[in-house]
Amino acid sequence: EPQRDVIKENDPQTQTPHPPKRTTSNGDPSLLKSRKALPIWAHQSEIKASLRGDNDLLLIVGETGSGKSTQVPQFLCDEPWCRRKKAQVQSDTVNVGGMIAITQPRRVAATTLAGRVAREMGTPLGASREGSVGYSVRFDHNVPKGTKIKFLTEGMLLQELLRDPNLRQYSAVIVDEIHERSVDVDLIAGFLKQILSGDKVGRGGIPLKVVIMSATADVEKIQTFFAPHNSRSPVRLLQIKGRQYPVEIKHTSKPVTDIQEALLKQIFDIHLHEPLPGDILAFLTGQEEIESAQRLIEEYCETLASDVPKLLVCPLYGQLSIQAQQNAFLPAKKGFIRKVVLATNIAETSVTVPGVRYVIDCGKAKVKQFRSQLGMESLLAKAISKSSAIQRTGRAGREGPGKCYRLYTSATYDSLKEADLPEILRNDVLGAVLTMKARGINDILSFPLMDFPDIESVEKALIHLHFLGALADDGTITEVGRKLALFPISAPYGRVLLAAREPQYDCLLEVIDIIACITSGDNIFHQLQSEEVREEVEEYRKELYRREGDILTYLTTMQRYAAENADRIEWCKKRKVNIRNMKQALNIRKQLRGICLKEKLLTETPPPDPQPFVPMSPERAISLLKCFMKGFGTKCALLAPDSSYVTIQGKHVVAIHPSSVLHGQKREAIMFLEHVFTQRSYVKKVSTIQADWIVEAMEGH
Ligand code: ADP
């Protein structure tokens with residue numbers, strides 16, 4: 001029985017020596033005016049008051065742009081309960097609290113919000129000083145000493161929960177964008193509910209304050225979920241009325257067949273005929289679509305007369321580096337009159353792009369969907385829900401009356417479903433089950449979740465985790481499983497990383513390169529548009545392509561790129577390799593190497609670039625592919641007599657995606673890392689394997 005823990009609230013020694021004197025009026029004075037104009041500003045005292053005393057939980061509902069993400073952490077950070085305290089946990093004296101965590105579903109949101117709040121508070125982002133703002137996202141951490149407010153992705157908070165189940169460094173956790181209902185946020189909600197209803201022994205008796213924020217008013221489910229057992233007091237709810245100007249909605253009269261063309265036409269129609277100022281925000285499905293639209297728009301701009309006002313194109317998607325994202329949030333650069341932001345659905349509620357008066361909505365979004373009969377997760381471009389369409393429309397009316405052009409008919413709009421299902425009901429729950437197991441929750445069914453995934457997908461996840469060696473026969477977590485849960489990559493990739501240092505494979509640096517490349521974005525190779533370009537580029541690409549397939553082609557590309565000493569931009573241009581992805585890949589490689597050094601998978605720091613390129617031997621290639629089988633041995637397909645490929649799990653017919661170097665080729669057996677479902681069922685990131693490796697991989701477990 002642990003000793004009752006004592007809070008030394010009044011002991012001067014336990015207080016921070018110099019509590020930072022920061023009031024919300026500090027910081028950048030020019031930004032203060034706009035902060036005061038935010039709808040949430042008037043609720044400042046109410047928000048503070050509602051978390052003082054015994055109440056530890058607050059639910060805030062307010063439209064996108066009402067100031068939740070930027071202001072609430074600043075309101076709370078000077079509260080007396082937010083100081084770091086010394087507390088007794090069992091027989092140790094430990095520090096508890098002092099920081100505020102605020103979670104975001106996407107890395108773009110976490111980093112841009114951190115930058116914005118740092119500016120508002122007048123502390124440079126990442127400055128090592130008391131009361132500053134930091135962020136932590138996958139492969140990028142900026143949390144110096146003295147950080148008070150930390151923006152982080154949901155995945156990062158889950159990792160912290162595994163390391164410290166009581167979240168001891170925090171006084172408060174703010175869960176933003178809960179309406180998105182990602183798998184991760186559902187898990188976080190479950191863990192926070194457990195902390196809130198627990199005995200606080202692990203926190204030395206010091207409560208954790210929790211603020212849940214949503215941009216949509218549909219919060220009954222959340223309220224019911226958090227409502228304490230046998231208590232009649234409901235969860236405190238604060239509703240903020242937002243500002244919204246009228247938005248004129250225009251549908252197309254006929255269904256659109258070529259989205260790119262319709263988009264281009266609409267953009268220039270606005271640019272040439274609608275009054276200034278007013279930027280354009282276009283919602284597209286993903287990185288590839290955004291990049292090809294960007295090229296088309298820029299090409300078209302070249303053909304315009306010199307007296308036509310200049311149009312600046314800013315892409316905005318999750319994988320983009322922070323520097324590249326910034327353009328979207330700044331006023332159009334000098335010399336440009338209007339900007340058009342090409343965004344994925346991250347601009348729906350996650351981030352606010354200032355200056356927008358015109359929205360173009362393609363009506364689709366890429367969503368992950370788990371097809372449990374296939375046992376695999378697919379990325380699909382699917383029709384959005386009405387609720388998303390309304391959110392997108394709303395982006396045009398933030399700063400004044402606006403217009404929204406929907407690239408679909410009003411009949412299509414009427415046929416959209418009201419809202420999306422929570423991700424946990426349609427996604428692979430592999431990561432979620434692993435996280436729960438690693439957190440010591442053996443009986444998954446007992447964990448509090450707002451929505452419970454169907455048993456079939458949980459079972460699939462358990463079997464898959466067992467295949468990966470993450471779970472023992474009795475279903476408990478193994479040492480391997482614990483490691484996989486803490487890697488910032490999904491479990492199958494983590495398994496490959498662990499296998500890579502086994503002596504029979506011994507290919508860790510290569511595996512890191514491949515994973516870095518894959519994680520850096522949609523596709524490192526640009527699609528080749530015309531035949532003419534194709535011939536020339538394919539000639540250059542010859543030295544990159546490997547007959548074994550995509551992952552070894554990535555590796556060669558990465559190694560040749562890193563070996564390139566002269567002009568890397570030119571190198572990428574000639575081969576139509578995505579320079580943004582390559583830069584990001586090098587960054588991820590650095591992070592992964594760092595993690596492997598820390599975890600002692602790597603024993604020494606690899607030599608710096610440029611290293612001379614050494615061609616890979618066929619034996620080495622086999623080792624690498626076999627190593628990948630440790631993680632993806634369940635994702636294989638065999639060539640059928642009719643020349644189609646049939647997956648070994650689910651016996652499903654698939655084709656090799658056109659983006660693969662193996663497209664159109666017939667091989668005895670293939671291993672694939674991804675599955676997409678567009679017009680047909682495609683596999684991506686494909687490699688040639690030998691059929692007997694599949695048996696080997698299955699027997700190894
Ligand atoms: P909410 O969380 O309610 O959607 P935010 O706190 O994110 O609202 O945004 C409030 C306001 O702060 C926005 O309307 C915008 O004017 C400003 N803002 C937020 N982020 C940025 C940024 N990165 N750059 C410039 N202004 C920003």
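Read the figures in this text as sums done on the coordinates, not as results from a lab. Remember, predicted model here, so these are calculated numbers, not experimental data. Cβ: placed from backbone, ideal geometry, glycine included. Neighbour counts: every protein chain shown.
Just to confirm my numbers, what's the Cα centroid distance between the range 309-356 and the range 157-224 in Å?
So the separation of the two Cα centres works out to 31 Å.
For a label point 7 angstrom out from the Cα of residue 276 toward its Cβ, which stretches of the range 294-320 have the backbone nitrogen within less than 15 Å?
Those under the cut-off are 305-313.
Report P(r) for the range 170-268: all Cα-Cα distances, bin width 5 Å, range 0 to the bin holding the largest distance, values in whole percent.
2, 9, 16, 16, 12, 9, 8, 7, 7, 6, 4, 3, 1
How would you order 683-696, 167-180 from highest to lowest mean count of nearby Cβ atoms within 10 Å?
Working: 683-696: 19.0, 167-180: 23.3.
The most tightly packed comes first, giving 167-180, 683-696.
Counting Lys and Arg as +1 and Asp and Glu as -1, what is the net charge of the other residues whose Cβ lies under 15 Å from the Cβ of residue 358?
On the way: positive: 250, 265, 338, 339, 357, 392, 395, 398, 403, 406; negative: 248, 269, 274, 279, 361, 399.
Net local charge, residue 358 excluded: +4.
Treating the beta-carbon of each Lys and Arg as +1 and of each Asp and Glu as -1, no other charges, what is the dipole magnitude of the range 210-337 about its Cα centre, to the nearest 20 debye?
Computed about the Cα centre, the dipole is about 860 debye.
Using the charge dipole of the range 218-306 (Lys, Arg: +1 at Cβ; Asp, Glu: -1 at Cβ; taken about the Cα centre), state which of 249, 286, 227 has its Cα farthest towards the positive end.
227
May I ask for the net charge around residue 474, where only other residues with Cβ less than 14 Å from the Cβ of residue 474 are counted and Lys, Arg are +1 while Asp, Glu are -1?
Summing Lys/Arg as +1 and Asp/Glu as -1 gives -1.
For residue 626, go through the aspartates and glutamates and keep the ones whose alpha-carbon is under 18 Å away, minus same-chain ones fewer than eight residues off.
Filter leaves 502, 506, 510, 513, 548, 550, 668, 674, 692, 696, 699.
Ranked highest first by the average count of other Cβ atoms within 10 Å around their residues, in what order do 579-589, 467-477 fall?
Top of the packing list down: 579-589, 467-477.
Which residue, chosen from 617, 109, 185, occupies the Cα position most advanced towards the positive end of the dipole of the chain, where the dipole is computed from +1 (Lys, Arg) and -1 (Asp, Glu) charges on Cβ about the Cα centre?
109
Compute the relative contact order of the range 133-182 as a whole-number percentage, counting only Cα pairs closer than 8 Å that sit 6 or more residues apart in sequence. All intermediate terms of the calculation are to be shown ahead of the outcome.
Details: 36 pairs, mean separation 13.2, N = 50.
Computed over the range 133-182, the figure is 26 percent.
So if I place +1 on the C-beta of Lys and Arg and -1 on the C-beta of Asp and Glu, and nothing else carries charge, what would the dipole magnitude of the chain be about its Cα centre? I want it in debye, nearest 20.
The dipole of the chain has a size of about 1960 debye.
So, in Å, what gap is there between the alpha-carbon centers of the range 62-96 and the range 403-441?
Between the Cα centres of the range 62-96 and the range 403-441 lies a distance of 31 Å.
Step through the table entries 382/684; 460/483; 334/590, compare each Cα-Cα distance with 23 Å, and write down the pairs that go over it.
Those over the limit are 334/590.
How many angstrom lie between the Cα centre of the range 629-701 and the Cα centre of the range 526-542?
That distance is 26 Å.
Could you tell me the relative contact order of the chain? Use alpha-carbon pairs under 8 Å, at least six residues apart, and round to a whole percent.
Relative contact order comes out at 11 percent.
May I ask you to derive the relative contact order of the range 239-376, considering only C-alpha pairs under 8 Å and at least 6 residues apart, and to give it as an integer percent?
33
Can you tell which of 76, 175, 462 lies farthest toward the positive end of the dipole of the chain, using +1 and -1 charges on the Cβ of basic and acidic side chains (Lys, Arg; Asp, Glu)?
Result: 76, furthest along the dipole toward the positive end.
Of all the Cα-Cα pairs you can form in the chain, what percent are over 35 Å apart? Numbers along the way, then the final one.
On the way: 115598 of 245350 pairs.
Roughly 47 percent, rounded to a whole number.
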